Ligand code: GLN
């Protein structure tokens, strides 16, 4: 079995080891006998809808976001077509912001976005930094937690009716006020959680792989064979513990 993964702007949007998320997806796929065919897509390179079962974009400082934003906005159609077509997607922080309608940075410059996610982001004076803990329910009735690290000036305002990724247990999340974090549209997930996110939250890595497999097969997401995740569970608990004790402080 093979899955095709497309990594948008790995040379610009990659802070807090965000590229580690791809390493986790590739390894957890390989442990199930699935080959993750990894392809990068950077400035001016083509993105063909339907080519990728899974798309990924990491985070970045305002400067890097400004360098890629026009190129990314020009891909709004193929990215939306890919997600409407059932591809899985994970977008982290700066990438998450630019998959909304726009990101207005601290200098007031407005970077147009892709408009995949029903939100807009406006940078505030103070950065929201620290460990974060969320409660999520991507599958009805199956509550799980996500633990990670956030560092952003942007306040992301989800449209009324927009589906968040989770409820904030500790930390700031989208805007430090709504009590929600991230966003979900079909099989696309956006979040502020760095870390990288997936090593300490293997269930989300498996959820993304299952969605990508569903895209490839045209069927439903398969139940993946469980893996021995003791180390990952320990990393999750350490991160969750930090969030509970010190999440949510302004810089
Ligand atoms: N530059 C954006 C902000 O400050 C995103 C930062 C990031 O990706 N960590 O909000």
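No value in this document is a laboratory result; all are computed from the given coordinates. Please read these numbers as outputs of a predicted model, since none were measured by experiment.
With the convex hull drawn over the C-alpha atoms of segment 106-204, the volume per residue is 105 Å³. Highest GNM mean-square fluctuation among 162, 94, 219, for the chain modelled with Cα contacts below 10 Å: 219. On the principal axes of its alpha carbon atoms, segment 62-107 extends 36, 19, 15 Å, with the longest extent given first.
Let me know the shape class of segment 157-251, please: from the alpha-carbon gyration tensor, a ≥ b ≥ c as square roots of the eigenvalues, rounded when a/c is under 1.5, otherwise prolate if a/b is greater than b/c, or oblate. The shape class here is oblate. The GNM of the chain, with springs linking C-alpha atoms under 10 angstrom apart, assigns the highest mean-square fluctuation among 62, 53, 71 to 71. Working from Cα pairs under 8 Å separated by at least six residues, relative contact order for segment 23-154 is 19 percent. In the chain, helical runs assigned H by DSSP with n ≥ 4 each contribute -39500 (n - 2.57); averaged across all residues and rounded to the nearest 500, the mean residue ellipticity at 222 nm is -8500 deg cm²/dmol.
What would the Debye formula give as log10 I(q)/I(0) at q = 0.10, 0.16 Å⁻¹ for the alpha-carbon point model of the chain, no solvent? For the chain at q = 0.10, 0.16 Å⁻¹, log10 I(q)/I(0) is -0.42, -1.16. Just checking the listed ones, 87, 46, 228: in the Gaussian network model of the chain with Cα springs under 10 Å, the one fluctuating most is 228.
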